[in-house]
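First comes the structure, then the notes that go with it.
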Ligand SMILES: [Zn+2]
C-alpha cells in the first residue's frame, strides 16, 4: 500500500525455506561439496531441557556484552518458537524447536530488536549469518548465506 510506514515481513517464507535447508544440513553435519571445495559442517546441538537452553542463550549473551539481557521461557504447543521484547519462547515439547539453529534465529531477532526493518529482512539475515559464524562455525555461516542467496535473498555485510 502506498504511503504506509509499516513494513510487511515479505521475506519471511523465503527465509524459513532457506533456513530449513541449512538446518537439515547441520542436523547431519560432516563434509559437503560446496562449489567444488569441501566444507566440514558442525553437527548442531540439540537441547534436552529448558536449563540447557538457558545456558546456551547465556553463552550467546556473553559474546555480545553491549546487548540487553534476554530470557528464555517454555511456550505451549508445538507450532512455533517466538521472540518478543527480550524473551525467547521455545516449545520445549517439540523436538524441532530444541535445536541450536532455532535459538540462533531467535537470538538474532534479539540482536536486531531495534531495527526498523521487517522482522526477517536483510539486516536480520546479516545478523544471523554473523552470529552463526561467531557462535557456531564459519562453514555453517557460509552455507546459511548460500541458502539465503539460492532463494533470491540479499545478505548485506554485517556491521556490529
Ligand atoms: Zn523469526
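A short reminder: the numbers here are calculations on the coordinates, not readings from a lab. Quick caveat: nothing in here was measured; it's all calculated off a predicted structure. Backbone-built Cβ (ideal geometry, glycine too); neighbour counts: all protein chains shown.
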Choice from 33, 11, 20 showing the highest fluctuation, given a GNM over the chain with Cα pairs closer than 10 Å:
33
Using helices alone, what [θ] at 222 nm do you get for the chain, with -39,500 (n - 2.57) per DSSP H run of 4 or more residues, divided over all residues and rounded to the nearest 500?
-14000 deg cm²/dmol
Please list, in order, the residues from region 104-135 whose amide nitrogen is less than 19 Å from a point placed 7 Å along the Cα→Cβ vector of residue 157.
122-134
For region 12-150, what is the percent of antiparallel DSSP beta bridges, rounded to the nearest 5?
70
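Taking 0.36 nm per intervening residue step and subtracting the Cα-Cα distance, what contour gain separates residue 96 from residue 149 on full extension?
Details: separation 53, 0.36 × 53 = 19.08 nm, distance 2.38 nm.
The span from residue 96 to residue 149 would gain 16.7 nm if fully extended.
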Full-stretch length increase - residue 87, residue 27 - with 0.36 nm per residue and alpha-carbon distance subtracted:
19.1 nm
What is the Cα centroid distance between region 117-152 and region 4-65, reported in whole angstrom?
8
Note down, for the chain, the three equivalent ellipsoid semi-axes (square root of 5 times each alpha carbon gyration tensor eigenvalue), biggest first, whole angstrom.
22, 22, 15
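Give the shape of region 1-90 as rounded, prolate or oblate, defined through the alpha-carbon gyration tensor: a ≥ b ≥ c are the square roots of its eigenvalues, a/c under 1.5 means rounded, and otherwise the shape is prolate if a/b is larger than b/c and oblate if not.
In terms of gyration-tensor shape, oblate.
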Suppose the chain between residue 76 and residue 46 were pulled fully straight at 0.36 nm per residue; how much longer would it get relative to their current alpha carbon spacing?
8.9 nm
